[in-house]
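Asks: Can you read through this structure? Questions will come right after.
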Amino acid sequence: MPVGIFRVCLLVITAIVNHPLFFPKDNGTVPENMEEIIQKMKEREEILRLEQLRLEQEIADQEATQKALEKAPLVVEESKEEKVRWDMWTALSMVIFLLIELWRQDFQDGNWQDIGGEEDDMAVLGKAFKGVAFPNRAILVSFYEKRILGTTGDMARMREMVEGFADDLLEALRSVCNRDADMEVEDCMGVGSMYENWRVRKPFVCDLIVPFAPPEPYCFRCQTWCSGNSFPPDEQGYGTIKVCRADEDVTGCICDKTKLGEDMLCLLHSQVNTTRPSSEMEDLLCFKNTQYLDADQVMKWFQIAVTKAWNRISHKYEFDLSFSLLDLPGALKIKFKSGKSIAFNLTPVVQYENSDVYFISHFPRSNLAADVPSSTHWFLTFAVYERRFIHLVSKTLPANACHVSCLQILSFLHGKQCSLTGPSGLTNYHLKTVMLHLLQARPSQDWAPEKLEARLQDMLKFLEKCLHEKKLYHFFIGNGKVPAELAFPIIFQRAEPLNLFRPFVLRRDVYRKTVDTFHEMLRNMSALINEYAVHIPLAHTNGIHKESL
């Protein structure tokens, strides 16, 4: 073994030192007597070759002496092992030599420059925050009061108006639906930034979800990616909804899981009971020839039902209602005669068991979001629990805590930067997830109003770290520290954490654009904030800064 290692090292050193391509051709310090140097290198190579032959001869002599001292059967066995070992080291030496040669060719062609540049960019990511001029608390407070509080004062009135109209619209929808055949629609619930009081970018849009259930005697049986069956990585965060009769015990009988054969019959479920006409399942908004609820069919039914409901009550209102976005089927817009308008989203959802987790038919897409696997895969939303968690934690924080202010400032800065340089892979939901993680990690007193500057820096640094690692985990999924007061389903707490930044690994172009936008936002942060902040006298700024210390 030592002899083989010595031979490998000797061959590697010989190849590196004596290979003429070791020095790049564009070297500006090439000596004039190149032929003399090459001749000396050849002589040295010949000396090394003779030395290698001498060493090989000595090794052969030692092996011959050792073989003579051993018994005949062992001699044959040892010679075979030594030959195999010798061949192995020879092959390994050739592989190393070829790798060195390939590396030299790649280096000569300049192929390593792009990779090296990308690695240099990756090394800078962890240092991007250093050297950034960060506004002090006085300027942040002035900016917040002028730019954010000054434009969000009408949100409460808007929420009240939209909720009242949505309730009236859904009541009319129930009256136009067939109670024996159509889906049963429940009351709507407000979720998202408008109902968590941190929306800053106009236009203000209310997000309302509408739970619905199948008519009797049918029911929904939901299955998530963490229910036990294996789901591919691109289907994590999704689930399927099966439409069954209420008297069916799908999970309790093996006939639904096992092929019984042509000559066997399940005594609990006959063939007549388990097969239904295709038209019946399509009437229940299922995908063709299946029992799985189809999100596209649901949205078509919901749009038709909303249109009928509006035709019934339109005479009571002095405005028009229309669907505003083709890629978001539940997006509605109220248009007044004065020219003003109010937008809101009304999206049907399916409740997961007896929890406040919902399967949502359509979700706002971003540049980072992957395509939905199929129309029978429904995305799970935890928006109700997120709203409850923020409300629960807010009770333990100091008065006028700065957690919402930090999120609003960060959301404004990112939105402003995207309007200048184009959209990126980051969304407001990612920013809110950062705040939720820090709310759970930091003690309550750290969110006092005088610590606005420090907490905003924490959010930026945490987001920078997540971008560098391409890891931002969903706050609830896989989080065993969710407060018991929320009564959050244990199945999601025990699930594997869901990485919201996983698509960055697959889409390098979006990742690079997102990182560039984030760095540009950091560089422009002071300019964007100072643009809207009222001029603060220097003495007043220093006084506030001392209070924060």
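Asks: Using a ≥ b ≥ c from the Cα gyration tensor of region 191-235 (square roots of the eigenvalues), is it rounded, prolate or oblate, where a/c under 1.5 gives rounded and otherwise the larger of a/b and b/c decides, a/b for prolate? Write out the running numbers ahead of the final one.
Replies: Values: a/c = 4.06, a/b = 1.57, b/c = 2.58.
In terms of gyration-tensor shape, oblate.
Asks: Here's another thing I want to ask about it. What is the set of long-range amide H partners of Val349 at a cut-off below 5 Å, with H atoms built 1.01 Å from backbone N?
Replies: The list, which skips near neighbours in sequence, is Val210, Phe212.
Asks: Taking θ = phi - 60°, what integer Hz values does the Karplus form 6.51 cos²θ - 1.76 cosθ + 1.60 yield along region 430-445, in sequence order, with x for Gly and Pro?
Replies: For region 430-445, the Karplus curve yields 4, 5, 5, 4, 4, 4, 4, 4, 6, 4, 6, 7, 9, x, 4, 5 Hz.
Asks: While we're here: Once fully extended, how much extra length lies between Ile59 and Asn400, figured as 0.36 nm per residue of separation less the alpha-carbon to alpha-carbon distance? Each step should come with its number before you reach the end.
Replies: Details: separation 341, 0.36 × 341 = 122.76 nm, distance 8.28 nm.
Going from the current span to full extension adds 114.5 nm.
Asks: All other residues with a Cβ under 15 Å from the Cβ of Gln351 taken together, and with Lys, Arg as +1 and Asp, Glu as -1, what is their net charge?
Replies: On the way: positive: Arg221, Lys242; negative: Glu184, Glu186, Asp187, Glu353, Asp356.
Net local charge, Gln351 excluded: -3.
Asks: Given region 448-494, report the % of alpha carbon pairs whose separation exceeds 18 Å. Can you show the working numbers first?
Replies: On the way: 574 of 1081 pairs.
Here the long-distance tail beyond 18 Å is 53 percent of all Cα pairs in region 448-494.
Asks: Also, I was wondering about something else. For region 187-238, what is the accessible area per residue in Å² when the probe is 1.4 Å?
Replies: On the way: 2160 Å² over 52 residues.
Heavy-atom accessible area per residue stands at 42 Å².
Asks: Can I ask one more? What distance in nm separates the simple spin-label points at Lys471 and Glu216, each placed 7 Å from Cα in the Cβ direction?
Replies: Going from the Lys471 label point to the Glu216 one covers 5.2 nm.
Asks: Kindly provide the trypsin sites (Lys or Arg not before Pro) of region 383-451 that DSSP labels as loop, not H, G, I, E or B, and whose Cβ sees at most 16 other Cβ atoms within 10 Å. Working shown, then result.
Replies: Details: sites: Arg387, Arg388, Lys395, Lys416, Lys432, Lys451; in loops: Lys395.
Here the sparse-neighbourhood loop sites are Lys395.
Asks: Could you list which residues have their amide H under 5 Å from that of Tyr473, counting only those 5 or more apart in sequence or on another chain, with H placed in the peptide plane?
Replies: So Tyr473 has HN proximity to Leu500.
Asks: Another question, if that's okay. Can you work out the Karplus-derived ³J(HN,Hα) for every residue in region 328-338? Use 6.51 cos²θ - 1.76 cosθ + 1.60 with θ = phi - 60°, whole Hz, and x for glycine or proline.
Replies: Going residue by residue, I get 10, x, x, 7, 10, 9, 9, 10, 8, 5, 6 Hz, with x marking Gly and Pro.
Asks: Accessible area of region 426-503 with a 1.4 Å probe: how many percent of it is carbon plus sulfur? Let's see the in-between values first.
Replies: Numbers: 1720 of 3320 Å².
It is 52 percent, rounded to a whole number.
Asks: Mind grabbing the base-10 log of I(q)/I(0) for region 278-358 at q = 0.17, 0.18, 0.21 Å⁻¹? Debye formula, identical points on the C-alpha positions, no solvent, two decimal places.
Replies: So the normalised log intensities are -0.82, -0.88, -1.03.
Asks: Hey, another quick one. What are the ³J(HN,Hα) couplings of region 300-308, residue after residue, when phi is run through the Karplus curve with 6.51, -1.76, 1.60 and θ = phi - 60°? Round to Hz, x for glycine and proline.
Replies: 4, 4, 5, 5, 5, 5, 5, 4, 5
Asks: Compute the Rg/Rh shape ratio of region 373-439: radius of gyration over Kirkwood radius, all on alpha-carbon atoms.
Replies: 1.07
Asks: Simple spin-label model, 7 Å along Cα-to-Cβ: Lys316 to Ala484 in nm?
Replies: According to this spin-label approximation, the distance is 4.6 nm.
Asks: Pop the C-beta distance of Asp296 and Ile47 into the FRET formula with R0 = 60 Å and round what comes out to the nearest 0.05. Can you show the working numbers first?
Replies: On the way: r = 78 Å, r/R0 = 1.30.
About 0.15, to the nearest 0.05.
Asks: Per 0.36 nm of contour for each residue apart, how much would the distance between Asp247 and Asp516 grow if the chain were fully extended, relative to their Cα-Cα spacing?
Replies: On the way: separation 269, 0.36 × 269 = 96.84 nm, distance 5.62 nm.
Result: 91.2 nm gained on full extension.
Asks: Also, I was wondering about something else. Of all accessible surface on region 150-191 at a 1.4 Å probe, what whole percent is carbon and sulfur? Write out the running numbers ahead of the final one.
Replies: Details: 910 of 2180 Å².
In region 150-191, the share of accessible area belonging to carbon and sulfur is 42 percent.
Asks: Sort His315, His377 by accessible area with a 1.4 Å probe, largest first. Kindly include the intermediate steps, with their values, before the conclusion.
Replies: Values: His315 145, His377 30 Å².
The most accessible residue leads, giving His315, His377.
Asks: Need the full-extension length gain, Ser355 to Ile304, defined as separation in residues times 0.36 nm minus the C-alpha distance. One decimal, nm.
Replies: Numbers: separation 51, 0.36 × 51 = 18.36 nm, distance 2.86 nm.
The span from Ser355 to Ile304 would gain 15.5 nm if fully extended.
The values are calculated or read from the model by the stated rules, or taken from the named source; none is laboratory data. The structure presented is a predicted model; accordingly, all values stated were derived computationally and were not measured. Every residue, glycine among them, receives a Cβ derived from its backbone with ideal geometry; neighbour counts consider all protein chains shown. Surface accessibility is based on the protein's heavy atoms, side chains included, excluding ligands, DNA and RNA. Shrake-Rupley method; radii C 1.70, N 1.55, O 1.52, S 1.80 Å.
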